[in-house]
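The values are calculated or read from the model by the stated rules, or taken from the named source; none is laboratory data. What you are looking at is a predicted structure, and each value in this text was computed from that prediction instead of being measured. Reconstructed Cβ throughout: ideal geometry from the backbone, glycine too, with neighbour counts over all protein chains shown.
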């Protein structure tokens with residue numbers, strides 16, 4: 001596991017749970033443990049454009065409560081062994097009408113974008129691992 005530099009207790013507690021899960025899975029090779037990293041679970045997508053600067057710490061991520069619940073069910077039914085950590089997040093950001101690339105440049109200058117050029121409403125998180133391992137893809141979440 002990489003070295004983690006926490007800025008607050010919540011992040012530290014989540015990281016410790018993931019490290020413990022990794023250790024438990026190594027000690028019990030037939031066990032399946034999924035650490036799901038949910039991002040701002042809400043019933044419907046809320047426009048945060050008015051608070052775009054305040055929401056930067058969360059990278060404007062969100063997930064509908066319905067999709068988050070479905071990820072939990074899929075994790076309980078998983079058919080693999082070991083421990084996996086994955087993001088459960090929508091594929092679009094909540095800072096409409098801002099372009100994802102502009103948000104990244106303004107609030108995180110100098111941070112490389114590994115996925116190539118960002119699309120206008122593309123999330124700054126990737127849920128590709130959850131799709132690959134659990135078969136999960138975000139659904140739902142009308143915008144208010």
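Brief remarks on what is shown
- Residue 110 being assigned to a loop (DSSP other than H, G, I, E, B) and closer than 26 Å to residue 8 by Cβ: yes
- Qualifying residue in the stretch 56-73 (condition: farther than 18 Å from residue 123 by Cβ and in a loop (DSSP other than H, G, I, E, B)): no
- Inter-residue pairs, beta-carbon under 6 Å, first at positive phi and in the stretch 4-28, second surrounded by 12 or more Cβ atoms within 10 Å (Cβ to Cβ) and not in a helix (DSSP H, G or I), 6+ apart: none
- Counting the residues of the stretch 6-27 that are under 25 Å from residue 57 (Cα atoms) and in a helix (DSSP H, G or I) gives 11.
- Yes/no for residue 138 being surrounded by 13 or more Cβ atoms within 10 Å (Cβ to Cβ), under 12 Å from the mean Cα position of the chain (by Cα), under 20 Å from residue 43 (Cα atoms) and in contact (Cβ under 8 Å) with a residue 60 or more places away in the chain: yes
- Positions within the stretch 120-136 being modelled with pLDDT of 95 or more and part of a loop (DSSP other than H, G, I, E, B), in sequence order: 135, 136
- When the residues of the stretch 28-40 are filtered to those that are assigned to a strand (DSSP E or B) and under 23 Å from residue 57 (Cα atoms), the one that is farthest from the chain's Cα centre (by Cα) is 35.
- Subset of the stretch 106-124 [exposed (fewer than 15 other Cβ atoms within 10 Å of the Cβ) and either closer than 13 Å to residue 53 by Cα or in contact with a strand residue (DSSP E or B) (Cβ under 6 Å, 6 or more places away or on another chain) (or both)]: 106, 108
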